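Structure first, then comments.
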Amino acid sequence: MTSPQTATGTFTQAQLGTLTLIGWSGEHPHGGHDVAFLLAYSLGDGSEGPAVGEAAMRIALGRCGLPAGGAPVRAVETPGLPVKLLVQAGQAVLTLPHFTAQYPVPPQWLAAADKQGEVHAMFATRPWPQGAPGLPVGEEELRLFAGDPEVIASSAHCVLPVRSLG
């Protein structure tokens, strides 16, 4: 079931539901070096349910220049991209027009982000209710969601430069 708002290409913040962020670092599948990753996703608790929330997320990402299912967007090559990442005092702050989240990152993530000078962000359109803030997320749970080929293919991907206030 879709709403008229989603069908016409608009959405409301309420349709998106709770948006959150989680990060990890690990070996890049194509480069062998440590990379800092961020995953932004909805819990699927939007006002009109997970299916409408997924459609709303696609619209919101598309308006930001992040096409779901498309090739990774490199922020340094995309002037005016309204997606920003600030890394300061052990925190990563991701800002988009419809979403701002702060995430306390572990030292390994900070080291990878600093060394590479960039972070690979994935914006999932598929909701992940198991990734609720305050609940522990194990490596295997994260790997199952973020590594799911369908989740990867339906997400928007962006490589963001690491910026700080200093």
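The values are calculated or read from the model by the stated rules, or taken from the named source; none is laboratory data. Just so you know, these numbers come straight off a predicted model, no measurement behind them. We work out accessible area using only protein heavy atoms, side chains counted, and drop any ligands, DNA or RNA first. Shrake-Rupley method; radii C 1.70, N 1.55, O 1.52, S 1.80 Å.
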Please list Asp114, Asp34, Asp148 in order of solvent-accessible area, largest first, computed with a 1.4 Å probe with all protein chains present. Asp114, Asp34, Asp148
In Å², rounded to a whole number, the accessible area per residue of the chain with probe 1.4 Å is 50 Å²
Computed from the mean reciprocal separation of all distinct C-alpha pairs, what Kirkwood hydrodynamic radius does the chain have, in Å? 16.1 Å
Given a cut-off of under 8 Å on Cα pairs at least six residues apart, what relative contact order in percent is computed for the chain? 29 percent
What part of the accessible area of the chain, given as a whole %, is carbon or sulfur when the probe is 1.4 angstrom? 57 percent
